[in-house]
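The values are calculated or read from the model by the stated rules, or taken from the named source; none is laboratory data. Note that the coordinates shown come from a computational prediction; the quantities given were computed from them, not determined experimentally. Using ideal geometry, Cβ is built from the backbone for each residue, glycine included, and neighbour counts are taken over all protein chains shown.
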Ligand SMILES: [Zn+2]
């Protein structure tokens, strides 16, 4: 809501000394937040003066354009008193008009410096200005189609134009919260200013209005719930071609509304002034009585914006004998629109139900200045005064005659009364607020208050439909006392239980990975079918079963991710594209797994849900486990003066998962698997016992290509929640002997398809109690080993806890180990 | 080495002749002194103190002397050999020291060579900022709560006093999930965690909930459809706005340093009443000479978040007795907090995944 300061001051006796900054700051602290403050004069450096056009020579140009070579009298403002020669491209003025001239040396908004310059074969010494060029609202000073032409009595040549144009008048733009709909009017803003500075307020709605009679425009209201009050007045002989007076055009422009025509401008002006949306009808185009009713399904209406709208049975309509002529409180129709030929006007000032308007506005995606106010709540006692104000202005400015008839259908609901303990504001805010202050402040916002012992009853003003609960009264009292007076007191410290275990473990995982050279990223969980194709998922892959957004930002990505890999691989591609060739990324985040037919109940809010209701909510919310994903490309160790680098591979992806599990004290098992998006021969399944926690390995070459990352890039994804659930929280003390170690190396030849982990396990088992560790230190294939075979070299360490091993003991244990490996997987010891 | 091969042609020394012995000693000492390095000294030791050296041979002769002469000759040769050995030992120490010094010089490396063999990793600054915030409250005895991101409409809106026809619903541009009957949304704020906490725990409640939230904003420098919020909730007997102010002041100081506190401005949120916007004293200019400050753009204050006293309607819907308990809640953007605390200018950097963004933040923010 934009409000010119001069307009605010019209209704409140603010001391002259109160600056615009102070006013804006005060209103901000009352809850009308300063959004922007603009003073047109501040954006311009003069000289900016009034000039009279002495001569105009029209000079056609080759491009078909016609420019005007003008001489303009600016008196002594140019230092010489000689007429100023200026080129002007606008055509909405004639010789003798008063215009606004920017002389050389002036700087206009946008740092636009004016100088004398040669153009179109003349020296143009200055500029004749339009409203837009001066940063004034569009359409101010009747400059719709060109420069500003001042009224003949606006001033004399050479006068300072800043004053003539009222450019020192600031416009404050406020952000109005939904509970302060009354401040969507000058009436409301001025009332707050009066409260803030504790000075009298003159209510522009406080006017004597003629009583209802039977002679007004005929109105029937079929739906009193949707339209509790409908006031109709009329005027005759309105001059639709009369110009909007400058003061009104300026205020409308300042408030951000384009002046259009006198009739429309008056209705907008009254809406801004009082907050009551007004609609005007051309009486000649009305057929019979105005009727307010709900639409029937399928009815249609072309609204003022030219859109044909299909109406719903819930829409509240204004109709006449011809059918719908407007959507109530939202937008009028074209058939009864005011036009240049309008002479008799029917004025509607009605009150409409906020919820009804809100739904209609959403249904038709039709926010308007009127609906914005109605949906938040307009003062239901306003219509009569507002209609009377419109009549007054049409008579005064448009030469109309007010008709005697006054139609009033319905009446405003009684004012609401809210009861509260007198000490409630003090108890809730922690400020020292006496019962007297509470009553006084409630009265300031317009309540009638009666006190009975420790309880007060506040009858809230008609313009405050938001005030319904005791705590609403608290806020009103508190904001006037001042939020800056709220003391700062720490609440008593509870004995907390510290950080939840899962969070501690997640931090540990992050630190382990970052320490190992992995960089964390955060990606959007929005995916589409193209991702599933890119990952090479089969049609029946579980990960294709997703939850969909009804209104995705990108129609290509309407699904919620069931795996972190699409986002992470896109990031990997981005890094490669930006020259970060060696990138090891990780991400932790939720994935969204549908349960089936989710249906979350909308419960009541007047009590806590029952156990069954709560269970229904829990059941409807999809499963959302936290996953950990990794992706890498390029080198894991750089090349350098120390020698060669080491290219990252499937082993690093699996290794990182092992590191994470290790940091959590979990022993994982790695088995060969074949799952998309991994290379079918280079994919591992990560297991603990029988539970598969995820996969890791080299990405399928097609997947690398799809995401624009080099071949052999690798990735992993595991269910982090499941992993954290297995974490070993208390590590038992290790036992290790201090007697000498005995080392034995063995090289075993097995079929190439035998997993080395199985061979190691067999060695471990076969070696008996003395074995301390089995470590694979080399893998060898080639001619010496034979086709389809591989040689695995293991280092075995033996130790007894209580003695030094005897000669031959370790050798015997080794032989037993080799024997079991031979038995289990046909391993043969290499000579 | 030039000269006669004395090793194989030993000079005869008669142990009884003092002059011969002395001459040998002198020759030996001169040779020791002249040994330039350890190798030369080894040779000198062989010649003058070795088994076949003149003095060694002379020593061997002593046994063959008449008994009356043995004592004198023995003393003479023994003293001579002692002098030579001592000189050898001293020279050896000197030469070894010289050798070691030279070796250390020769082994000098260029310690300025790069050592960036392994990749440097980093955690995401948003993750670390969330943790830092949680730590501030955990240190005060609060607990950390979490909740799902796909949330029941009732918990995201209705339970928080935002019924279906509440205008505030349209202010939070919501991602709705299909089908409409599912009544599920991507949570638009972390506030449903408040509701969940109240519904599943008994007061007193002191919790902080950092988390990811969603709004249908196209990404640009200051917006993202995915962003992060932290929400605080306290429900206890006798809780007031003053406790809210105290908690936020403490939070502000913990995050931005001594002297950085907050101010409240009246505002509106359906789930709190009274409601306030929270501004932070600009931690760069501290409100002094704010006009030239780029962080607060001349305001002296930075908009930080929203807060208020929990609306009794919310307490009722969440099963907390509003007659017995009051509470407060607050919420702020973690991304925004991180951005102005660290001078990040473009929100896209946070979500794009370029490793160069996270890396300078390392493992602690
Ligand atoms: Zn600042």
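Values as computed for the structure displayed
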{"quantity": "Yes/no for residue B:300 being within 16 Å of the ligand (Cβ to nearest atom) and in contact with a strand residue (DSSP E or B) (Cβ under 8 Å, 6 or more places away or on another chain)", "calculated": "yes"}
{"quantity": "Unique residue being over 24 Å from residue A:507 (Cα atoms), within 31 Å of the chain's Cα centre (by Cα) and free of Cβ contacts under 8 Å to residues at least 24 places away in the same chain when the list is B:294, B:348, B:356", "calculated": "B:294"}
{"quantity": "Residues of segment B:230-267 classified as outside any helix (DSSP H, G or I), in contact (Cβ under 8 Å) with a residue 12 or more places away in the chain and within 24 Å of residue A:30 (Cβ to Cβ), total", "calculated": "7"}
{"quantity": "Number of the exception - residue A:303 against (1) under 34 Å from the mean Cα position of the chain (by Cα); (2) closer than 15 Å to residue A:220 by Cα", "calculated": "(2)"}
{"quantity": "Residues of segment A:554-567 satisfying the condition of being within 10 Å of chain B (Cβ to nearest Cβ) and surrounded by fewer than 17 Cβ atoms within 10 Å (Cβ to Cβ)", "calculated": "A:554"}
{"quantity": "Subset of segment A:568-597 (residues that are facing chain B (nearest Cβ under 9 Å) and under 27 Å from the mean Cα position of the chain (by Cα))", "calculated": "A:568, A:570, A:571, A:574, A:587, A:588, A:589, A:590, A:592"}
{"quantity": "Odd one out for residue B:241, checked against (1) within 13 Å of another protein chain (Cβ to nearest Cβ); (2) touching a strand residue (DSSP E or B) at 6+ places or on another chain (Cβ under 8 Å); (3) under 20 Å from residue B:335 (Cα atoms); (4) away from the ligand (no atom under 16 Å from the Cβ)", "calculated": "(3)"}
{"quantity": "Candidates B:309, B:314 - the one that is crowded, with 17+ Cβ neighbours inside 10 Å and either in contact with a strand residue (DSSP E or B) (Cβ under 6 Å, 6 or more places away or on another chain) or not assigned by TED's automatic domain parsing to the domain that holds residue B:224 (or both)", "calculated": "B:309"}
{"quantity": "Residue among B:253, B:262 that alone is more than 27 Å from residue B:317 (Cβ to Cβ), within 13 Å of chain A (Cβ to nearest Cβ), within 16 Å of the ligand (Cβ to nearest atom) and at pLDDT 95 or above", "calculated": "B:262"}
{"quantity": "Condition met for residue B:295 (under 20 Å from residue B:157 (Cβ atoms) and either within 16 Å of the ligand (Cβ to nearest atom) or within 10 Å of chain A (Cβ to nearest Cβ) (or both))", "calculated": "no"}
{"quantity": "Number of positions in segment B:173-187 that are out of contact with any helix residue (DSSP H, G or I) (no Cβ under 6 Å at 6 or more places or on another chain), more than 7 Å from chain A (Cβ to nearest Cβ) and crowded, with 22+ Cβ neighbours inside 10 Å", "calculated": "1"}
{"quantity": "Scope segment A:500-515; condition surrounded by fewer than 19 Cβ atoms within 10 Å (Cβ to Cβ) and at the interface with chain B (Cβ under 7 Å from one of its Cβ atoms); matching residues", "calculated": "A:500, A:503, A:507, A:511, A:515"}
{"quantity": "Helices (runs of 4 or more DSSP H) completely within segment B:57-172 that count 3 or more residues being crowded, with 21+ Cβ neighbours inside 10 Å", "calculated": "B:67-106, B:125-138, B:153-156"}
